[in-house]
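Laboratory data are not the source of any read-out in this text; all were calculated from the coordinates shown. Please read these numbers as outputs of a predicted model, since none were measured by experiment. We place every Cβ from the backbone using ideal geometry, glycine too, and count neighbours over all the protein chains shown.
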């Protein structure tokens, strides 16, 4: 994963959350609890919760403010841009994409996987959870 993006997301998580002392159950905006003096603080987000670390905040921001990249839809559009809209087989005409998907689903999935890899290597999409979920990079960068 892009460490610059990760650092920006962590900074955003710090900006959108408040230090929180779980022992005294109070917010500590200065970074130190005014009651017990602890600096071992959780992070709190109003309406979301509190926990140690920032990964849960980043996950919440991504889930609520971004839409995951629909790579299948994007791949279909790419195929439609490269090939004719319909394909004639004998006297019948079929939607080219539907024909490709239905006649050879394994080949379609392989091509989709290659498309996903290409989009990631070109820096168009980014995954922050080891490839389970992808986001369009320009949308992630728009958060900053």
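Does region 1-27 hold any residues that are part of a loop (DSSP other than H, G, I, E, B) and farther than 30 Å from residue 129 by Cα, and which are they? Walk me through how you get there before you give the answer.
The first filter runs over region 1-27 and keeps only residues part of a loop (DSSP other than H, G, I, E, B), leaving 1-2, 16-17, 22-25.
Within region 1-27, 23, 24, 25 meet the criteria.
Specify which of the listed residues (28, 36) is surrounded by 15 or more Cβ atoms within 10 Å (Cβ to Cβ) and over 24 Å from the mean Cα position of the chain (by Cα).
From the options 28, 36, the qualifying one is 28.
Give the number of residues within region 1-25 that are closer than 20 Å to residue 39 by Cα and surrounded by 15 or more Cβ atoms within 10 Å (Cβ to Cβ).
Filtering region 1-25 for residues closer than 20 Å to residue 39 by Cα gives 10-11, 13-25.
Imposing the further condition that a residue be surrounded by 15 or more Cβ atoms within 10 Å (Cβ to Cβ) reduces the set to 10, 13, 16-22.
Residues flagged as closer than 20 Å to residue 39 by Cα and surrounded by 15 or more Cβ atoms within 10 Å (Cβ to Cβ) within region 1-25 amount to 9.
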Wholly enclosed strands (runs of 3 or more DSSP E) of region 31-144 bearing at least 1 residues closer than 21 Å to residue 4 by Cβ: 125-127, 134-136
